[in-house]
Every structure is written in structure tokens, then in C-alpha cells.
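Here's the structure we're looking at; comments come further down.
The values are calculated or read from the model by the stated rules, or taken from the named source; none is laboratory data. Every value quoted in this text rests on a predicted model; they were computed, and no experiment measured them. Cβ placement follows ideal geometry from the backbone for every residue including glycine, while neighbour counts extend to all protein chains displayed. Surface accessibility is based on the protein's heavy atoms, side chains included, excluding ligands, DNA and RNA. Shrake-Rupley method; radii C 1.70, N 1.55, O 1.52, S 1.80 Å.
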Amino acid sequence: MIDASLRARGPYSLRLSIRLGSDATRVARDGGLRCVFDNDGGLEIAHVRQEPDGMLVARADSEHSLERLRFVLGVDDDHSEFVRRFSDDRFLGATIRRLRGLRPLRCGTVAQALLRALCGQLIAAQRARAIERRIVRAATPALGDLHAPPTRETLGRFAPAELRALGLGGPRASALVRLCRSLDLERLCTVSTDAAADRLVRESRIGPWSVGVVCLEGLGRYERGLVGDLGLVKLLSRLRGRRVEGWETAELLEPYGEWAGLASVYMLAGFKDGLLPVPRGLAA
């Protein structure tokens, strides 16, 4: 067992970052996070909490699991530049000032991020997470109440019909199986964000929103925004006073340039918390 004290680079709030962070592989409870990781076929536990002075206190079964925990938390990816550049932004500034320590949690594998992206296409988040949870539980072994993050191997052995029976729609199930069987998903971490995105969109079921999910939660990259997210569609509809199409939400993210992915996260959180300057009572 390894005990470690971690100091995040830049502002970091575990409490904010783990909101809605539970899934089949991890549980957020009482201000802390507990995760399961696969270490060469053996399952290991890692958990973390944050002290009042900001220090993160972690315990893990091995150095491997500790490193995976660091990645999932994003503690080494300083977003101070984003905070500095946009804290006075007319639209997003109040949210950034209030939630400045927020960073998106990453998945344990790129394969899990791809699964999340395909489960979440054009359906409510709660339903999407339920489908993802069923598939992960069917695909991977468990340690206590948590399951290992899925890999391309564990997902690729399903037939599309089996995934459909677990709730993943037919074309999306076929796309997941094709990508898992044909592409080394974890190697996308070693190429540029543009190269990873270009490879993913060769699959007809992968669009800008899915690329954004994989980049944010699988690769830990902040450049690609969640264009077409249903929450952003609702937000822009409020701003425009009419229903909008998913592609139009790119306009919301364009001002944030290479921080468009992180801006997506802050925009959705600010909209949920009532921190954005959004008219009430207009089209949603």
C-alpha cells in the first residue's frame, strides 16, 4: 500500500471535480473518490481526499494505480492560463471565478471514454450513464462494488447484438465493436489531438461531440469542445430565443480557442448552477 500527498498544479478542487463522478469503475462519496484500476490483470484500489489546505491525500495499492489516479484527477494539467485569460470574460467569467478549481475527471481508459461517447449520443446523461454502467459490468471483472475500466479487448469481444441487448443502439454498437477491434485506442494518447480526432471521425458514428468526450475524458486534452452537447443546445436556445441545431453550439466555444474543451465543462456547470448571464423563459 502506498500513501502519497499530491499537490495539484494550479487551482484544484476535488469537491467540484468529482460532482457526478461516480460510474461503474469509481465512486465519489463524502468528498472523496475511490477507483479501481487493472494492473497487468490484477485489480487494485486507489482513493483520494483533499485537505483544507488543498493537499490531496491518496492511498493506492501500487505505483501504477497511483499514476492512473493522478491521470484520472488531472492534477498535473495546470489550467491557470485558462483562469487568467477568461476570468473577466463577459459570458463565462463569473463561472470561472466561482468554480476555478474545477477540472473534468478522466476515464480509466480511452476505451471507456469511447464507450461513454457512444452511449451518450443524443440521449439524457442519466440514461447514457445507466447504459455505460451495464456494459462495463458485463465486460470487466469486479473488486468489491467496482469494476475495472474496460479495454478495447474487453469491449471488442462483444457482438453488436449483445451490446444492443444491454441498451446501446444498433449503429453505435457496431461502431464500438469496429473501433475496438481495428484501432489501438490507448495509443491515441501518444499522438496529437488533431491526429487522434482525424482518426476517430473516419468512423461514421463519431462526430464532434464524441470526439470532444474522448479528448477530454480519454486523452486528457482540453482543445476539443463538446459541440452539440444537449446542455449547450439548451443554453444556446435560451440565448437565441429559438430552438437551435447542435452544430450551432460551436459558436459558444469559438472564443475560447485551444481551451474549448475546458470551456465546455465550465459552461455546462455554470448553466446548471445559474452562473451564466442567460435570459429566462425563452426557448429551450
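Data for the structure
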item	result
Surface share of carbon and sulfur [accessible, 1.4 angstrom probe, percent] for segment 32-82	43
Fraction of the pair-distance distribution of segment 41-165 above 23 Å, Cα-Cα pairs, percent	48
Nearest-20 debye value, segment 1-69 charge dipole, Cβ charges on Lys, Arg, Asp, Glu	420
Residue-normalised accessible area of segment 140-238, given per residue in Å² at a 1.4 Å probe	42
The chain pair-distance distribution - Cα-Cα, 10 Å bins, rounded %	7, 29, 36, 23, 6, 0
In segment 190-258, GluC sites (Glu not before Pro) in a DSSP loop with at most 16 other beta-carbon atoms within 10 Å	GLU245
Euclidean distance between Cα centres, segment 227-242 to segment 139-180, Å	31
Of all accessible heavy-atom area on segment 94-148, the percent that carbon and sulfur account for (1.4 Å)	52
Dipole magnitude (debye, nearest 20) for the chain, charges at Cβ of Lys, Arg, Asp, Glu	1100
